[in-house]
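S.K.: Handing you a structure now.
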Amino acid sequence: MRRAYSNISDILPRRAKINDISLPYRSGSLYILVVATILTALLCSIAALARAPFVVPSVGPTIFIIVAFSLSEQAHPRNILFATAATIVAGIIGLALFGLIDVPPDLTDLSWTRAGALVFAVALGIGGIISLRALHVPAVATAMIIAAGLLKDPNDWVAVFVGVLVVTLAGLAINRACGKPQALWWRPQPPGQ
């Protein structure tokens, strides 16, 4: 007797081995939609109540990775938090190094100075991610957001990290409560990968 499938991800092969880059664990489409919506609503609610920029564009892909690819290296809480911290610092250094801390953003008419800050911040952020062995690609966008001058206040930089911390912990808790496997902190890649 053939089993009826509820969505395409049900027929894909699953692997429960953490760090398997070739085919990460796939959650069902409805699960991804519901949990990602819950995490986004939670973060937006906290941001509205606190009047702080917990919601930045790089958090959206982070939520998707946590929910849809819970076993991937990019969903490890350590990688998410270390990469985010590294790229926040990179963005701040880019602003400071190019003298843009107090300059308003203008991305419609990008100056060479702003371009330099953006390039430097991305390079430094990627370097930090590599040196920390903390693969989490969406964090690179955080370096660009800060170097672009879109978040200038130090409290905003802290708020970005707190927002990522909230979705990371809430996503981990929801995944675990629903029986989705996810590393509690980190499982380093085996040598040679």
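S.K.: Please report, in whole Å³, the volume per residue of the convex hull around the C-alpha atoms of the range 82-127.
M.R.: Roughly 66 Å³ of hull volume per residue.
S.K.: So if I restrict to the alpha-carbon atoms in the range 87-193, what is the Rg, and what is Dmax, the biggest pairwise distance, in Å?
M.R.: Computed over the Cα atoms of the range 87-193, radius of gyration and Dmax are 16.4, 50 Å.
S.K.: Using only the C-alpha atoms of the range 25-177, find the volume of their convex hull and express it per residue in Å³.
M.R.: 104 Å³
S.K.: Next question. Would you kindly derive the ³J(HN,Hα) couplings of the range 31-40 from the backbone phi angles with the Karplus curve 6.51 cos²θ - 1.76 cosθ + 1.60 (θ = phi - 60°), listing them in order in whole Hz, with x for Gly and Pro?
M.R.: With the stated coefficients, the range 31-40 comes to 4, 4, 4, 5, 5, 4, 5, 4, 5, 5 Hz.
S.K.: Tell me, V122, V167, V103 in order of fewest to most beta-carbon neighbours within 10 Å?
M.R.: Fewest-to-most Cβ neighbours within 10 Å comes out as V103, V122, V167.
Bear in mind that the values in this text are calculations on the coordinates, not laboratory data. Here the structure is a predicted model, which is why all the values come from computation and not from measurement. For neighbour counting, all protein chains shown are included, and Cβ atoms are generated from backbone atoms with ideal geometry for every residue, glycine included.
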